[in-house]
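The values are calculated or read from the model by the stated rules, or taken from the named source; none is laboratory data. Predicted, not measured: the structure shown is a model, and the values here were computed from it. Methodologically, a virtual Cβ is constructed for each residue, glycine included, from the backbone with ideal geometry; neighbour enumeration extends over all protein chains shown.
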Amino acid sequence: TRFCNCTGLDADGHYSSARDIAIVTAELMKHEVFRGWFLTWVDYLRGGETQLVNTNKLIRYYNGIIGGKTGTTDAAGCCLTACAERKNMKLVAVALGCEEDD
């Protein structure tokens, strides 16, 4: 992995592996503030003038989801990291370079 910016947007020399994204995700999930952000379905800014909607549909529709993040760029395609818990077992799944976001 080599991060060239903090946004994850396309940049020359910016790349990562599914394994490294899974490691980063697992570490972030250890912190309550990140878990809260990951699970926020919708939020409002500027007194309600601006609505932010989480593009990770698993947050609303997958039983056991405890966090995750989507991202899409021209170079990377559609990407997802997701965390779920079932029967006291936590799992992290990563999909990179998908052609569609569903």
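Quick notes on this structure:
- Within the stretch 65-102, the set of residues being of a type in the set (Lys, Arg) and farther than 22 Å from GLU32 by Cβ comprises LYS87 only.
- Filter result for TYR62 (over 21 Å from GLY8 (Cβ atoms), modelled with pLDDT of 90 or more, surrounded by 11 or more Cβ atoms within 10 Å (Cβ to Cβ) and out of contact with any Phe, Trp or Tyr (no Cβ under 9 Å at 6 or more places or on another chain)): yes
- Residue in the stretch 37-50 that is of a type outside the set (S, T, N, Q) and touching a residue at least 24 places away in the same chain (Cβ under 8 Å) present: yes
- Taken together, the residues in the stretch 44-57 that are within 20 Å of VAL33 (Cβ to Cβ) and either surrounded by 14 or more Cβ atoms within 10 Å (Cβ to Cβ) or among the small types (Gly, Ala, Ser) (or both) amount to 2.
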